[in-house]
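What follows is one structure encoded as structure tokens, with my remarks underneath.
The values are calculated or read from the model by the stated rules, or taken from the named source; none is laboratory data. Remember, it's a predicted structure, so these values are computed and weren't measured experimentally. All Cβ positions, even for glycine, are placed from backbone atoms using ideal geometry, and neighbour counts span all protein chains on display. For accessibility, only protein heavy atoms count, side chains too; no ligands or nucleic acids. Shrake-Rupley method; radii C 1.70, N 1.55, O 1.52, S 1.80 Å.
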Amino acid sequence: MTEHKCGGDLTLGGQRVHERLTREEPELIARVLRRIQEEVSDYRRLPVEELTGDIAGITRQAVRAFARSLREDRELNAAELREVGASAVRRAEEGFPLEAVLTAYHVGAREIFAVGSASSGSADVADLLDVADRVLAFVGTVTGAVTRGYLEELRTKVGQEHTARRTLLSVLVDGGPVDVVARSAGITLPARYLVLSVELGPHADEESPEVDAEIAVRRKLRRFLAAFEHACGDGVLASLDGPGGLVLLPLAGRRSDWPAVLDAAGRAAGV
């Protein structure tokens, strides 16, 4: 059985890996930023000050966190993971794609491994495999923290938008001060809405004993609304539960194909 070394003792090319990463940190960070821009197109659209500021900062934090984890022979701690999660929250606030963020961390991990193993030779195989395993574990831990932070912020934003749209719909129906509510929600009101009172029959999946009925209802409603959003854009307002409810469709110009739109929504929902 091969005995694994303490992370601080892992040596490639005659030098401890964590010491090499610390010594070559400036060049390593520059390499990571350069590769990210080359391989992840979304990063090429960021302002220069963000790349040289926030993105370079979180790259530095990640490199240092990995080097410390090697030196101290441990996984990333809660404080280090909070830093990673906080950066992901900022990307979510900006509307930056999650897949781009995750890809960037994988690019960074490849560069960390490349720099750490640059001088390795045939005598270093055991330590090289151990370092590779630790890099993979680092990527898994970091991407988990990124995904959690990003999705928590996204859920918050979606929840706030959903609440704002439901409030706006209620005010429109009740005849309240719609302009104030729309401005606070960041929604531009159309001149008119078509108001639909909708009754939806049950989908076959709702009555199947092998299918979760609540999931079947949510899928039905999502497909139903998606058909209206496809036809009318993202200004659709709705208050729906399983049996039906209200749908407000923004009107622009003279449209005469509403029966076809309704038919398409019914077909999409399967009811």
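Do we have residue 270 as touching a His at 6+ places or on another chain (Cβ under 7 Å) and open to solvent by 30 Å² or more (accessible area, probe 1.4 Å) here? Talk me through it step by step, then tell me what you get.
Details: touching a His at 6+ places or on another chain (Cβ under 7 Å): yes; open to solvent by 30 Å² or more (accessible area, probe 1.4 Å): yes.
It is true that residue 270 is touching a His at 6+ places or on another chain (Cβ under 7 Å) and open to solvent by 30 Å² or more (accessible area, probe 1.4 Å).
Do the conditions hold for residue 116, that is, is it closer than 25 Å to residue 76 by Cα, touching a strand residue (DSSP E or B) at 6+ places or on another chain (Cβ under 7 Å) and either of a type outside the set (A, V, I, L, M, F, W, C) or surrounded by fewer than 18 Cβ atoms within 10 Å (Cβ to Cβ) (or both)?
Yes, satisfied.
Out of 52, 59, 22, I need the residue that is over 29 Å from the mean Cα position of the chain (by Cα), hydroxyl-bearing (Ser, Thr, Tyr) and in a helix (DSSP H, G or I). Which one? Working first, answer last.
Numbers: 52 fails: over 29 Å from the mean Cα position of the chain (by Cα); 59 fails: over 29 Å from the mean Cα position of the chain (by Cα).
Just one listed residue meets the conditions, 22.
Would you check if residue 195 is under 30 Å from residue 237 (Cβ atoms), modelled with pLDDT of 85 or more and surrounded by fewer than 15 Cβ atoms within 10 Å (Cβ to Cβ)?
Here the answer is yes, as residue 195 does meet what is asked.
Let me confirm something: among 28, 33, which residue is in the same structural domain as residue 101 (by the TED database), part of a helix (DSSP H, G or I), over 23 Å from residue 128 (Cα atoms) and out of contact with any strand residue (DSSP E or B) (no Cβ under 6 Å at 6 or more places or on another chain)?
On the way: 28 fails: over 23 Å from residue 128 (Cα atoms).
It is 33.
Without any contact (Cβ under 8 Å) to a residue 40 or more places away in the chain, open to solvent by 50 Å² or more (accessible area, probe 1.4 Å) and more than 19 Å from residue 161 (Cα to Cα), is that true of residue 217? Let's see the steps before the verdict.
Working: without any contact (Cβ under 8 Å) to a residue 40 or more places away in the chain: yes; open to solvent by 50 Å² or more (accessible area, probe 1.4 Å): no; more than 19 Å from residue 161 (Cα to Cα): yes.
Spelling it out, it is not the case that residue 217 is without any contact (Cβ under 8 Å) to a residue 40 or more places away in the chain, open to solvent by 50 Å² or more (accessible area, probe 1.4 Å) and more than 19 Å from residue 161 (Cα to Cα).
Output the residue which, of all residues in the stretch 119-134 that are hydrophobic (A, V, I, L, M, F, W, C) and surrounded by fewer than 18 Cβ atoms within 10 Å (Cβ to Cβ), is farthest from residue 79 (Cα to Cα).
Ranking the candidates gives 123 first.
If we keep just the residues of the stretch 1-26 that are in contact (Cβ under 8 Å) with a residue 60 or more places away in the chain and among the charged types (D, E, K, R), which is farthest from residue 107 (Cα to Cα)?
Restricting to residues being in contact (Cβ under 8 Å) with a residue 60 or more places away in the chain and among the charged types (D, E, K, R), the top hit is 5.
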